[in-house]
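All of the numbers you see were taken from the coordinates with simple rules; none came from a lab. Computed from a prediction, not measured in an experiment: that's the story for all the values here. Ideal geometry is used to build each Cβ from the backbone, glycine not excepted, and the neighbour counts take in all protein chains shown.
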Amino acid sequence: MSNYHIKNLEEYFNVYRKSINDPEGFWEEVAEEHFLWRRRWDNVLSWDFSKPEVKWFDGAQLNITENCIDRHLATKADQTAILFEPNNPEAEAEPISYQELHDRVNQMANVLKSKGIQKGDRVCIYLPMIPELAISVLACARIGAVHSVVFAGFSSSALAARINDSECKLVITSDGSYRGSKTIDLKGIVDEALETCKCVENVLVTNRIDSEITMKEGRDEWLQPLLDMASKECKAEIMNAEDPLFILYTSGSTGSPKGMVHTCGGYMVYTAYTFKNVFQYKEGDVYWCTADIGWITGHSYIVYGPLANGATTVMFEGVPSYPDFGRFWEIVEKHKVNQFYTAPTAIRALAKENLDFVDRYDLSSLKVLGTVGEPINEEAWHWYNDNVGKQSCPIVDTWWQTETGGVMISPIPFSTPTIPTFATLPIPGIQPALMDENGKEIKGNQVEGRLCVKFPWPSMARTIWGNHERYRETYFSAYENMYFTGDGARRDAVGYYRITGRVDDVIIVSGHNLGTAPIEDAINEHPAVAESAIVGFPHEIKGNALYGYVTLKETGADRDQENLKKEINQLITEHIGPIAKLDKIQFTVGLPKTRSGKIMRRILRKIAHNDFSNLGDTSTLLNPEVVDSIIESRL
Ligand code: WT7
């Protein structure tokens, strides 16, 4: 029995049992059999959640790009590694073979070196979904530079905050990007961001849309001429298993975005292992994940996991609605996609359109369907199952987080029977726990609580860049000796998990994790605004949308409210990006607060949900009278 590839339910249970009884033996076997190490580990695992400190495969040396690229060259040099599908459906798809990927990654790595980038330096990548994005990520990994990919939908100030937080020395970007029928001026956004970033010495620009841009002398350079001159050989930097591989920012319930740090060895082992099992990828299959590499889903399951398995991974530049709502299915037919991985919000958006957009295409190549990012509702699940999977493709509802690095709870297709809305069972090695409000574990089945993980797994984030105390406080202080996820979950009669959603102030809009604090900060910058509070409310397509309660200063009271709303959303777009715009804005006389001055979001959330039952005892509030007035003028 191989520990690597699970083929049926009985085997899943056997492997799972082994992974719990002897986690170190289990992961050691996986690590030993399936990867290329330059030096073996001294110790499989050491951990202490109270510090917290977790080390996997300590002492081992490797380079993840040798595992994702070089070792496949002997047998797969000509096989497509990345299959690039451009925004424009008329343009040719571009298959990049493992050999070509090797050459292009090495050229990029040599260019970075020529700009003085060394092991440990941070490089910010702000690119659309074009091959250069994956290549830049791998080039950083090749030379041991720590990549920090920022989703190219973030605004200049969000970009600047991320660049400054991790003190990136270099930015890789493009002149612009395509998004459906529109273009976006990425270089302009970078220029604006860099006005406040002293740490950046060089900007490398790839040409995507042939637009006129300004190049700052001594700082900015076109990438292509440098690549053309660079050698296709670049020795892989030997990394320690616990050296950082990348930083990826995610929103918290309070404060600035958190730069989650992932390390080389454990991340490689776990993303490769989960990719193989969760998608049941077989040699020759074509796999497509529709996420952007700007999010963890793209890091783990477009780039590292698939490539570590020698897979063919599709990278799509466009959007599901361009040129029409059939685009996804057109691509599935054209490339004979076998595994398809997307988000519930995309499924809901497509389910609203005419079924003809799906039925027009031959989807018979599909074997496994995946979903990620938020709980999938039953209706969307059935639509996906009936119309895309034709009731013959298992749906893997994969629960995980930026912090977890890889899928944590998910069916193993063809092994685990699925139930709509259930993420089902933990991946081998993962030990979930449900906790009650008093910090006690809730054992047994048919129970609900806060979802924690009791034991380390290889791809867990090791820290928050520059703020280890915040890492401890956010994830390891709520429950002793547990990683707290921020989610609630139910465990049913047979032990299946159903994720019920966030129990903190993080709101997931269209699968994007949005913290309330940065949005409120942006709103509060408006000169007419005194204070604000953001909550989520259910939205048919986005899952959640944002509802803002805004109290104006006296000077703002006679301002035109429609204009104010526009200005507020404009501020949010500038500070975070259009994804964080508010769907509803209610101007209020005040915000309900506790006597210690804390905004009672729970009450505001209920009002936004149109649920006025159990508002709780409002008499202990500092200002109980505002609650009635907010209810009266709710939107
Ligand atoms: C949060 C993490 C992991 C990649 C994308 C999101 C929610 C994620 C599911 C799922 C229910 C889910 C959780 C989690 N979430 N997958 N299958 N069912 N909820 O990564 O931005 O770090 O967000 O997304 O609330 O905590 P992220």
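Determine the percent antiparallel among the DSSP beta bridges restricted to the chain, to the nearest 5.
60 percent
Going by how many other Cβ atoms sit within 10 Å of their own, how do Ser166, Ser596 line up, fewest first?
The order, fewest Cβ neighbours first, is Ser596, Ser166.
What does the charge add up to near Arg38, with Lys and Arg as +1, Asp and Glu as -1, over the other residues with Cβ less than 15 Å from its Cβ?
-2
Is any helix in the chain, taking whole DSSP H runs, at least 20 angstrom long along its axis by alpha carbon and on average at least -0.5 on the Kyte-Doolittle scale, and which ones?
For the chain, where a helix must reach 20 Å along its axis and average at least -0.5, the hits are 264-279.
Once each part is reduced to its C-alpha centroid, what is the distance from segment 392-427 to segment 548-563 in angstrom?
Centre-to-centre (Cα) distance: 46 Å.
Expressed as a rounded percentage, what relative contact order does the chain have, with Cα pairs under 8 Å and six or more residues apart?
Averaging sequence separation for qualifying contacts and normalising by length gives 12 percent for the chain.
Residue by residue through segment 62-78, what is 3J(HN,Hα) from phi via Karplus (6.51 cos²θ - 1.76 cosθ + 1.60, θ = phi - 60°)? Round to whole Hz and write x for glycine and proline.
So the J values, rounded to whole Hz, are 6, 10, 5, 6, 5, 7, 8, 10, 3, 6, 8, 5, 4, 10, 10, 3, 8.
Tell me which residues come under 5 Å, amide H to amide H, from Met239 once H is placed; ignore anything under 5 positions away on its chain.
Leu62, Asn63
Quick one: Karplus J couplings for segment 429-440, per residue in order, coefficients 6.51, -1.76, 1.60, θ = phi - 60°, nearest Hz, x for Gly and Pro?
x, 9, 10, x, 9, 9, 10, 8, 5, 8, x, 9
If amide hydrogens are placed 1.01 Å from N in the peptide plane, which non-local residues have theirs closer than 5 Å to the one on Leu245?
His262, Thr263, Cys264
Using only helices, what value at 222 nm comes out for the chain when you add -39,500 (n - 2.57) per DSSP H run of length 4 or more and divide by the total residues, to the nearest 500 deg cm²/dmol?
After summing the helix terms and dividing by the residues of the chain, the value is -8000 deg cm²/dmol.
Using the Karplus curve 6.51 cos²θ - 1.76 cosθ + 1.60 with θ = phi - 60°, what ³J(HN,Hα) values do you get for each residue of segment 199-214, in whole Hz, with x for Gly and Pro?
6, 7, 9, 9, 10, 9, 10, 9, 8, 10, 10, 6, 9, 7, 10, 9
Suppose we take every Cα in the chain and form the convex hull; what volume per residue is that in Å³?
Measuring per residue, one finds 158 Å³ for the Cα hull of the chain.
Highest mean first, what order results for 242-255, 520-533 on Cβ atoms within 10 Å?
Order by mean packing, descending: 242-255, 520-533.
Charges at C-beta only: +1 for Lys and Arg, -1 for Asp and Glu. How large is the resulting dipole of segment 506-632 about its Cα centre, in Debye rounded to 20?
In total the dipole reaches around 400 debye.
How big is the antiparallel share of DSSP beta bridges in segment 536-610, given as a percent to the nearest 5?
In segment 536-610, approximately 50 percent of DSSP beta bridges are antiparallel ones.
Can you tell which of Ile117, Cys68, Cys140 lies farthest toward the positive end of the dipole of segment 68-168, using +1 and -1 charges on the Cβ of basic and acidic side chains (Lys, Arg; Asp, Glu)?
Among Ile117, Cys68, Cys140, the one farthest towards the positive end of the dipole of segment 68-168 is Ile117.
Tell me which cysteines of the chain come out unpaired when the rule is another cysteine's Cβ under 4.7 Å.
Taking the Cβ cut-off of 4.7 Å, the unpaired cysteines of the chain are Cys68, Cys140, Cys197, Cys199, Cys234, Cys264, Cys289, Cys393, Cys452.
Quick one: Cα centre-to-centre distance for segment 239-255 and segment 566-625, in angstrom?
Cα centroid to Cα centroid, the span is 31 Å.
What does the charge dipole of the chain about its Cα centre add up to, to the nearest 20 debye, if the Cβ of each Lys and Arg holds +1 and the Cβ of each Asp and Glu holds -1?
With Lys and Arg at +1 and Asp and Glu at -1, about 1000 debye.
Radius of gyration and Dmax for segment 506-632's Cα atoms, expressed in Å?
14.2, 39
Under unit Cβ charges (Lys, Arg +1; Asp, Glu -1), what dipole magnitude, rounded to 20 debye, does segment 47-197 have relative to its Cα centre?
Here segment 47-197 has a charge dipole of around 380 debye.
Quick check on segment 506-632: of the DSSP beta bridges with both residues there, what percent are antiparallel, nearest 5%?
75 percent
As I understand it, the dipole of the chain uses +1 on the Cβ of Lys and Arg and -1 on the Cβ of Asp and Glu, about the Cα centre. Which of Ser97, Leu564, Gln339 lies farthest toward its positive end?
The Cα lying farthest towards the positive end belongs to Gln339.
Under a 5 Å amide H to amide H cut-off, with H placed in plane at 1.01 Å, what residues pair with Thr500 once short-range neighbours are removed?
Those lying under 5 Å, H to H, from Thr500 are Gly488, Ala489, Arg490.
Over 18 Å between Cα atoms: which of Lys584/Lys606; Lys51/Lys119; Lys336/Lys390; Lys7/Lys55 fall into that group?
Long pairs (Cα-Cα over 18 Å): Lys51/Lys119; Lys7/Lys55.
Can you find, among Asn202, Ile302, Gly488, the residue farthest towards the positive end of the dipole of the chain? Put +1 on the C-beta of Lys and Arg, -1 on that of Asp and Glu.
Of the candidates, Gly488 comes out farthest on the positive side.
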